[in-house]
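The values are calculated or read from the model by the stated rules, or taken from the named source; none is laboratory data. Because the structure is a prediction, the values reported are computed rather than measured. In this analysis, Cβ positions are derived from the backbone assuming ideal geometry, glycine residues included, and neighbour counts consider all displayed protein chains. These accessible areas exclude ligands, DNA and RNA; they are computed on the full protein's heavy atoms, side chains included. Shrake-Rupley method; radii C 1.70, N 1.55, O 1.52, S 1.80 Å.
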Amino acid sequence: MSALLPYVNSAVAQSGLLPEGLNVSFKALPAVLVTAMLLLFLVIGFVFKVADTEGMWVAGRSIGNVENGMAIGANWMSAASYLGMAALIATSGFYGLAFIVGWSTGYFVLLIFMAAQMRRFGKYTAPDFVGDRFNSDTARAIAALTTFLIAFVYAIGQARGMGLVGLYIFGDIGILGLTGYQSMVVLMMTITVGYLTLSGMLGATKNMAVQYVILIVAFLAGLYVVGFANGYSTILPQVEYGALFAELGREFSEPFVNESYYLWIATAFSLVVGTCGLPHVLVRFYTVESERTARWSTVWGLGFILLLYLASPAFAAFGTDLYANNIGPVYGDPGMTTAAGDVIVVLAAQLSNLPTWFVGLVAAGGIAAAIATTAGLFITGSSAISHDIYKNLINEDATQRQQVLVGRLSIVALGVITTLAALDPAAPIAALVSYAFSLAGAVLFPMFFLGLWWENTNRQGALAGMTTGLVIWIVPMINEVGPNYGLLSGAAGADGIVSATLAQWLPAIGSALVAVPVVFAVTIVVSMVTAEPDLETKQLVRQCHSPEPMSQQESAEDVVSSDD
């Protein structure tokens, strides 16, 4: 235990942002490994650099199903999946499984109800769909601003993950008066923004395929080696970890000891609908050749995702036991901090006394996961500004060169504000990400679902529904997250929450459970009492469900126009 004191003291010095027990020092081999990986990402971004909007936003609609499935996997398995999900299972036990259930189930809904239909509609971005489906620039603007906000909130969690893992590899190298953690955030985000401004969606997709291979090899190799080295498992750790339950404490294994049944349901539901409303997930369907490819790439993506999701609870169990045996109590006061939980995967490998280069490989997987998702988020966020706001609302005569330039500037702006917010994050990785899911589920998912499946959904209904969803999402965010940034902090209690009752029934992490039914009802009622959409709009919806195949560059709008 004495050997850990330097790291614990350093943690105190960094205001709790440094995980206790993490060996924070410069490590040559892992540093070379991660540096080579980051340089590879930059090279791929340069090789596949784009100059037109088709390549910038939808990769020329040229991506095949396996490659897109790998990109879906990397784009999806962010720091929240690679690091944060294991952290939640370690610190919250059964409650953490809501994330696996919610995120996995969401992809089944996408596969059955939305993947092929979104591809047939055939736009560049999610706000593009909203604006054209509901014939409303206001709806487009709300969707675009929501997309940008989702990218921002979601990316904070990725930046936090990069910073924490970077500490293990490069050590406490403070620059420009920043702490080691903050320096890592700035460094990693600078590299991510650098290759994205070059590559756009085409280069990002190529990188995501590479990043998926890195992260899944690192995660599974770490799981098997940690399990075998400690005698936890042999050939099937995804099942064998159950033998540890009795030793991990009732907090880990008994349902709803830490969190309520209602919160479990609210969280899982919000993650399901949030998955179906995330713009950086839906845009993957616009990058493929056809609706058939969209379906199969979703199947491949779900398979690639499950390789990690089925393994994450085992890694959490191994890490929890190693933490309890080597550092201190996991539960209670003080217990494991959220910072330590967020790197439990790396800590498990380190505490198993594995070679430093191998622990570095596990850490590199976490960085690859965070960068891959950040790439998808920043591309969708920048496309919302450049294509949906600048091109469609501000300068309709903008050239492709102007759009790409605005898009690249938007990536830089998004990178800057995300980095600033991540220097002192308000919550653990998975919680930060979940706020974005609740927003996507409350505001965008009802518009996508009703827009594709009910042809009578109209402009007035969409505007009323989106506004309602945004308000419902904002209320719990102010209640729970606002005090961390000085908003109503004087009214907050000792737990940092303004109203505990509101937090219980409308939690920020699961607000979509309340928001989605209300938004559906508002949208449907308003649509029914106002004028129906025009015939052409209805024909667009019908074409999204037509059994007739479409060419690679064709959209539902093209088919309807040619029929006229």
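Once you list every other residue whose beta carbon is under 13 Å from the beta carbon of residue 317, what net charge do they have if Lys and Arg are +1 and Asp and Glu are -1?
With Lys, Arg at +1 and Asp, Glu at -1, the neighbours total -4.
Taking 0.36 nm per residue of sequence separation and subtracting the Cα-Cα distance, how much length would be gained by fully extending the chain between residue 108 and residue 477, in nm to one decimal?
Stretched out fully, the residue 108 to residue 477 stretch lengthens by 130.0 nm.
List every DSSP H helix in the chain whose Cα atoms extend 30 Å or more along the helix's own long axis and whose mean Kyte-Doolittle hydropathy is at least -0.5. Please list the in-between numbers first.
Values: long enough: 137-170 (47 Å, 1.24); 180-229 (42 Å, 1.43); 356-383 (40 Å, 1.44); 400-422 (33 Å, 1.04); 459-480 (32 Å, 0.76).
The answer, listed by residue number, is 137-170, 180-229, 356-383, 400-422, 459-480.
Is it possible to state the helix-based mean residue ellipticity at 222 nm for the chain, with each DSSP H run of 4+ residues giving -39500 (n - 2.57), the sum divided by total residues, to the nearest 500 deg cm²/dmol? What is it? Display every interim value, and only then the final one.
Numbers: 28 runs with 378 residues, N = 564.
Helices in the chain give a 222 nm mean residue ellipticity of -21500 deg cm²/dmol.
How much net charge surrounds residue 181 when only the other residues with a Cβ under 14 Å from the Cβ of residue 181 are counted, with Lys and Arg +1 and Asp and Glu -1? All intermediate terms of the calculation are to be shown ahead of the outcome.
Working: positive: 160; negative: 20, 172, 342, 424.
Computed value for this residue: -3.
Tell me, which longest segment in the chain has none of the chymotrypsin sites (Phe, Trp or Tyr not before Pro) that fall in DSSP loops with at most 16 further Cβ atoms within 10 Å?
Formally, the longest exposed-site-free interval is 27-255.
Let's test this: bin the Cα-Cα distances of the stretch 330-402 at 10 Å from zero up to the farthest pair and state each bin's percent.
Percent of Cα pairs in each bin: 16, 25, 20, 15, 15, 8, 0.
Got a number for carbon plus sulfur as a percent of the chain's accessible area, 1.4 Å probe?
On the way: 12870 of 19640 Å².
Here it works out to 66 percent.
How far apart, in nm, are two points set 7 Å out from the Cα along the Cα-to-Cβ line at residue 396 and at residue 324?
Going by the 7 Å Cα→Cβ label model, 6.5 nm.
How far apart, in nm, are the 7 Å Cα→Cβ label points at residue 416 and residue 245?
5.2 nm
At a Förster radius of 45 Å, what calculated FRET efficiency corresponds to the Cβ-Cβ distance of residue 504 and residue 299, to the nearest 0.05?
Step by step, r from the Cβ atoms, then E = 0.70.
Any idea how far the Cα center of the stretch 289-320 sits from the one of the stretch 108-139, in Å?
Spelled out, the Cα-based centre of one part sits 23 Å from the other.
When Rg and Dmax of the Cα atoms in Å is calculated directly from the model, which label among [x] 27.3, 89; [y] 22.8, 79; [z] 25.4, 85 fits?
Correct label, based on the coordinates given: [y].
How high is the relative contact order of the chain, in percent, with contacts defined as C-alpha pairs under 8 Å that are six or more residues apart?
Relative contact order here is 28 percent.
Counting only pairs 8 or more residues apart or on different chains, how many lysine pairs in the chain have their Cα atoms under 25 Å apart?
Final tally of qualifying lysine pairs is 6.
How much length would be gained if the chain were fully extended between residue 546 and residue 213, taking 0.36 nm per residue of separation minus their Cα-Cα distance, in nm to one decimal?
Extra length from residue 546 to residue 213 when fully extended: 116.3 nm.
For residue 256 and residue 536, calculate 0.36 nm times their separation in residues minus their Cα-Cα distance, and state this gained length in nm to one decimal.
Going from the current span to full extension adds 95.8 nm.
Would you calculate the separation in nanometres between label points at residue 234 and residue 47, each defined as 7 Å from the Cα along the Cα-to-beta-carbon direction?
If labels sit at residue 234 and residue 47, their model points lie 4.2 nm apart.
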